[in-house]
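Quick notes on the structure that follows.
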Amino acid sequence: MMSSRASARFEAIQAVDPEIYPIMQAEVRRQQSTLELIASENHVSPAVLEALGSVFTNKYAEGYPGKRYYGGCQNMDGVEDLARARAKQLFHSDHVNVQPHSGTQANAAVYLAVLQPADTILSLSLAHGGHLSHGLKVNISGLLYNVVPYEVDRANEQINMAEVRRLARAHKPKLILSGASAYPRTLDFEGFSEIAHEVGGLHMADIAHIAGLVATGLHPSPIPNADFVTTTTHKTLRGPRGGMIMCKEAHAKLLDSRVFPGSQGGPLMHCIAAKAVAFAEALKPEFKAYQQQILKNAQALAEALVAKGNRLVSGGTDNHLMLLDLRPAYPDVTGKQAEDWLGLAGIVVNKNMIPWDERKPTQTSGLRLGTPALTTRGLKEPEMRAIAGLIDRVLRAQGEPKVIEAAAAEVHSLCEQFPL
Ligand SMILES: *Cc1c(COP(=O)(O)O)cnc(C)c1O
């Protein structure tokens with residue numbers, strides 16, 4: 001079904017690289033024939049893919065529009081100006097830098113702009129949903145800076161702003177980070193800004209996961225209050241892999257210099273062209289309807305899982321993702337086993353630590369499930385309920401091959417019904 005389009009797309013590769021060609025084809029088939037529930041992934045549009053595969057990859061464009069270090073940059077300026085203007089319109093921000101190669105690069109550039117080595121960062125503990133670029137010991141954030149983590153509250157597994165304020169007063173961080181990779185609840189960005197400014201620090205909101213929800217008004221925006229807002233462009237925003245930084249005009253010049261030449265050389269102009277295309281898509285009314293459906297699908301999936309006797313961390317979700325605590329319904333099943341068994345059935349998920357997890361990070365007691373990719377594919381609430389049923393059957397049967405086989409058949413028919 002897909003093969004004629006796919007092989008048309010890879011004709012040149014087929015001709016020159018017989019080793020890569022079958023792998024590319026296999027990946028197209030894998031994406032077609034599996035259900036993608038990894039919360040950080042999505043399926044981009046053909047227009048975004050076309051921009052990524054364009055001759056913009058050939059060009060060096062160090063510098064910024066109007067101030068390049070190479071000749072021949074008039075079309076580079078054209079796309080970068082459009083990407084910046086569209087991002088500003090989408091998020092209502094003063095200043096945008098669309099050059100960071102990734103979310104982690106975006107965060108590093110902000111750190112370089114406002115911190116000295118050994119300065120203090122206050123950020124969500126990685127074990128409680130934070131991101132590696134917010135202070136993992138072996139990431140640039142943990143290597144260069146003094147990281148003080150805040151955790152979720154034991155009682156409701158949500159961030160407790162009074163505790164954040166207590167830690168901020170005690171440690172006087174120069175930078176407070178909000179934002180997460182595995183946190184299913186609404187973030188109080190205004191509260192974070194208030195606390196940061198109260199202790200003489202700055203607030204950086206990292207909206208990598210929820211950017212699409214923020215852009216469409218379905219999650220409160222940090223833009224009015226935060227000093228810096230970083231994001232990826234490839235998660236709910238459904239653009240190419242990459243990063244972006246927004247800030248107040250007062251920080252613009254310093255920030256830009258910390259992206260280039262501070263931490264990067266030439267920008268990935270094909271990615272920036274694709275970001276511009278994705279932002280145009282995100283400005284359309286259909287994109288808001290898409291984000292609304294992501295939320296409806298997450299609610300439907302969460303409710304159906306709970307109806308099967310499952311426990312979700314914090315009791316549910318306000319956004320596009322949820323953390324399933326495997327222990328109550330499937331006490332002997334680890335996150336690793338669950339990921340493997342569901343993978344065999346064609347349901348792609350990732351194991352995830354839950355707060356105060358007693359299992360090792362390589363095993364875990366949780367699964368992180370998200371609905372952005374399935375929603376792009378057109379699946380709605382009835383399919384979410386069906387998928388919750390499949391997940392429950394596979395885990396309850398502890399990976400029994402016959403049960404996996406039966407689930408795989410149902411996954412196959414869903415994939416046929418909702419082609420990419
Ligand atoms: C995904 C993510 C990032 C960074 O992503 P890259 O993989 O570096 O593009 C940064 N912050 C948070 C909160 C994330 O979830």
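The Ala85 and Ser257 beta-carbon pair, evaluated with R₀ = 25 Å, returns a calculated FRET efficiency of approximately 0.75. Extension gain, Arg385 to His197: 0.36 nm times the residue separation minus the Cα-Cα distance gives 63.3 nm.
Could you state, as a whole-number percent, how many of the C-alpha pairs of the chain are farther apart than 38 Å? Don't skip to the end; give the middle numbers.
Numbers: 19736 of 87990 pairs.
Cα-Cα pairs of the chain separated by over 38 Å account for 22 percent.
Summary of the geometry: segment 352-413 and segment 100-158, compared by the centres of their Cα atoms, lie 29 Å apart. Scanning the chain for GluC sites (Glu not before Pro) in DSSP loops with at most 13 neighbouring Cβ atoms within 10 Å leaves 20-357 as the longest stretch between them.
In this structure the chain gives 42 Å² per residue of accessible area when probed at 1.4 Å with all protein chains present.
Round to the nearest 0.05 the FRET efficiency obtained for Glu416 and Ala118 when R0 = 45 Å and r is the Cβ-Cβ distance. Mind showing how you got there, number by number?
Working: r = 56 Å, r/R0 = 1.25.
Efficiency computed from Cβ-Cβ geometry: 0.20.
If each DSSP helix of 4+ residues adds -39,500 (n - 2.57) and the sum is divided by the residues in the chain, what number results at 222 nm, nearest 500 deg cm²/dmol? Estimated from H runs of four or more residues: -14000 deg cm²/dmol.
Each Lys or Arg adds one and each Asp or Glu takes one away; over the other residues whose Cβ falls under 10 Å from the Cβ of Phe418, this sums to 0. Over all distinct Cα-Cα pairs of segment 286-417, the Kirkwood formula returns a hydrodynamic radius of 14.8 Å.
Summary: within the chain, the longest segment free of trypsin sites (Lys or Arg not before Pro) located in DSSP loops with at most 11 other C-beta atoms within 10 Å is 155-420. In this structure, the residue pairs whose Cα-Cα separation is over 18 Å, taken from Lys336/Lys380; Lys59/Lys275; Lys308/Lys402; Lys88/Lys275, are Lys336/Lys380; Lys308/Lys402.
Hey, any idea what % of the chain's accessible area is carbon plus sulfur with a 1.4 Å probe?
54
Listed by chain and number, the aspartates and glutamates whose C-alpha is less than 13 Å from the C-alpha of Lys172, apart from same-chain residues fewer than 8 away, are Asp119, Glu198. Take the Cβ atoms of Trp356 and Arg169, set R0 to 22 Å, and the FRET efficiency comes out at 0.35.
The values are calculated or read from the model by the stated rules, or taken from the named source; none is laboratory data. Predicted, not measured: the structure shown is a model, and the values here were computed from it. Neighbour counts run over all protein chains shown; Cβ positions are idealised from the backbone, glycine included. In case anyone asks, the SASA skips ligands and DNA or RNA and just uses the protein heavy atoms, side chains included. Shrake-Rupley method; radii C 1.70, N 1.55, O 1.52, S 1.80 Å.
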